Amino acid sequence: MIYLDSAATSLYRPAQVVEAVCQALTSLGNSSRGTHTAALTGARMLFETRQMLSDLFNGDGPEQVVFTANSTESLNMAVKGILVPGDRAITTVMEHNSVLRPLYEMERQGVCLEIIGTDDLGRLDMASMKQAIDSGAKAVFCTHASNLTGNINDIRKIGGWCREAGVLFVVDASQTAGIFPIDMQADYVDVLCFTGHKSLMGPQGTGGLCVRKGSNPPSGHWREV
C-alpha cells in the first residue's frame, strides 16, 4: 500500500516506538506520585524526554517544555493563554482550524485579529506580514508549513521581525517537527507547538509546547485555559 495521509498522521512507526510504548505500559508507574522504582522510572523518563525535546528545538531547557495531548491542545493553550480582550493578534489564511477557531473565539471576546493572505501559488504575503507586525500586535500565530499545500513559511524572517517589534511569535510546527530543522533561538520563536504522531513518529495522544524563557505577555502571566 502507498500511504498518502502523512499530513494527518504517520502510519508506520519505527520498531523502537512500539517497544517503548509496550515498556511504558508494563513497567512505568505514575510520575511524581511516589518514590518506588516504577514511579521514579516514569519521572526520569518524562524529564529525559523534556530534555531531548528542548535539545531538538534548541529551547531553553526541560523546564520550558509542556506535554499536551496534541498540537490542538497546545495551540489552544497558547492562543487563550496569551490573548486578552483589547489585544491585537496576527495570523494567516494558511492556519489549521486548531489555530483559527480559538482565534475567532478570542476575536468575539474583543481581540483585534488580522489575517494575512497568500498569492496564487499559496505563498504567504510576506510584505503584508511585515507591515502588520510593524503596525504593532501582542502576538503572531503562524504555521511553519501548510497541511494543505505543503508550502513552508520562512519562520526565521518572520521571527526576526517579531523580535525587533517586541511581538510574541507562536509557531505551529505540527507538519514540520521531526522532519525540518527548527531552532527556537535562531528562528526567534517564543512558543513552539507540536504534535507527536506525525514526523516525530510518536504515538497518537502526544504533543507539547516549548516556551522561551522571558516570553510572558506584557500584560503579566499566562492565563489558565
The conditions are (1) of a type in the set (K, R); (2) exposed (fewer than 13 other Cβ atoms within 10 Å of the Cβ); (3) touching a helix residue (DSSP H, G or I) at 6+ places or on another chain (Cβ under 9 Å), and R44 fails exactly one of them. Which is it? (3)
Looking at the stretch 113-129, can you tell me whether even one residue there is under 16 Å from the mean Cα position of the chain (by Cα) and on the phi > 0 side of the Ramachandran plot? no
Within the stretch 62-117, residues open to solvent by 70 Å² or more (accessible area, probe 1.4 Å), touching a residue at least 60 places away in the same chain (Cβ under 8 Å) and either part of a helix (DSSP H, G or I) or closer than 19 Å to C162 by Cα (or both) come out as E73
Looking at the stretch 24-61 only, could you name the residues that are of a type in the set (G, A, S), in a loop (DSSP other than H, G, I, E, B) and within 14 Å of L192 (Cβ to Cβ)? G59, G61
Report yes if some residue within the stretch 38-54 is closer than 21 Å to K213 by Cβ, at pLDDT 95 or above and among the aliphatic types (A, V, I, L, M); otherwise report no. yes
Hey, can you tell me all the residues within the stretch 149-164 that are open to solvent by 50 Å² or more (accessible area, probe 1.4 Å) and in contact with a Gly (Cβ under 8 Å, 6 or more places away or on another chain)? T149
Within the stretch 179-195, work out how many residues are in contact (Cβ under 8 Å) with a residue 60 or more places away in the chain and either within 8 Å of the chain's Cα centre (by Cα) or over 22 Å from K138 (Cβ atoms) (or both). 8
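The values are calculated or read from the model by the stated rules, or taken from the named source; none is laboratory data. A quick note: this is a predicted structure, and the numbers were derived from the prediction, not measured. Cβ coordinates were reconstructed from backbone atoms using ideal geometry, including for glycine residues, and neighbour counts include every protein chain displayed. Protein only, heavy atoms only, side chains kept; ligands, DNA and RNA dropped before computing areas. Shrake-Rupley method; radii C 1.70, N 1.55, O 1.52, S 1.80 Å.
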